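Scroll down for the structure; my scribbles are underneath it.
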Amino acid sequence: MLSEMGGVLLLLLCMAASEVRDVQTRPIDFVCDNQTRRGLNRVEEIKSAMGECEGSGLLPSAMELPCVGFNMEAWGKNSPQEKRGLVHTALKTLAEGFKKVRAQTQNGCQSTLLERLQHSVTNYMLIVANLEIQGKDGGLHSTCHGRKTQHLDQVLMQYNKLLRGMLELFVLELRDRCQGES
Ligand SMILES: *[C@@H]1O[C@H](CO)[C@@H](O)[C@H](O)[C@H]1NC(C)=O
């Protein structure tokens, strides 16, 4: 059910490429509909799929982890554009990492898991990039250099932390636009 909703959202995002109207409506649902947004989180699903994929826990090379830890006071000083920049940079670190290790793996089912992860992260990146945020783009990029790990469960843990922490906080701060939405 949740996975179906994610599929629909992804489909709509693909359609959005040709339907400018949807580019504006979908991200609003992402912000205003908790269930839709949280239903996009694939981490638990992939974690259990790992159990049926022998050897998937060890990646062919170490992957950089996104910076997901933050201090609330420093976070609050960032403009919404800068917050988006931080979230986007963290997602991009993961997307690039998944792409890199997927190209190296010899393990077929691990490759499938990495492909799913890559799609999932790319989906979030599209949504975050399409959110309408007033004001100039702040060119803030994270200066943190994440740790590296070769263990997929650690990558998943960090991905989950990003989704449930920084991304969730960023989105909840945009909720003033939800008045009048369902
Ligand atoms: C969505 O989640 C936030 C934070 O958990 C909560 O404050 C808000 O009331 C929720 N909104 C709805 C419509 O459930």
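At what distance in nm do the modelled label points of Ala74 and Gln104 sit from each other, each positioned 7 Å from its Cα along Cα→Cβ?
About 2.8 nm, to one decimal.
Starting at the first residue of segment 121-127, write each ³J(HN,Hα) from the Karplus equation 6.51 cos²θ - 1.76 cosθ + 1.60 with θ = phi - 60°, in whole Hz, x for Gly and Pro.
5, 4, 4, 4, 4, 4, 5
Tell me, in nm to one decimal, what length is gained between Cys144 and Thr112 on full extension, where the rule is 0.36 nm per residue of separation less the Cα-Cα distance? Present the calculation step by step, with values, prior to reporting the outcome.
On the way: separation 32, 0.36 × 32 = 11.52 nm, distance 2.97 nm.
Once the chain is fully extended between Cys144 and Thr112, it gains 8.6 nm.
Which parts of segment 100-114 would a label at Met157 reach, counting a residue when its backbone N lies under 20 Å from a point 7 Å out along Cα-to-Cβ?
Output list for this probe position: 114.
If you take every residue apart from Thr89 with its C-beta less than 12 Å away from the C-beta of Thr89, what net charge results, scoring Lys and Arg +1 and Asp and Glu -1?
On the way: positive: Lys83, Arg84, Lys92; negative: Glu64, Glu82, Glu96.
Result for the local shell: 0.
Please give me the summed charge of the neighbours of Phe98: other residues whose Cβ is under 10 Å from its Cβ, Lys and Arg +1, Asp and Glu -1.
It works out to a net charge of +2.
Each value in this text was obtained by applying a stated rule to the coordinates, not by laboratory testing. Everything numeric in this text was worked out from a predicted model, so none of it was measured. FYI the Cβ positions are ideal-geometry reconstructions off the backbone, even for glycines, and counts take in every protein chain you see.
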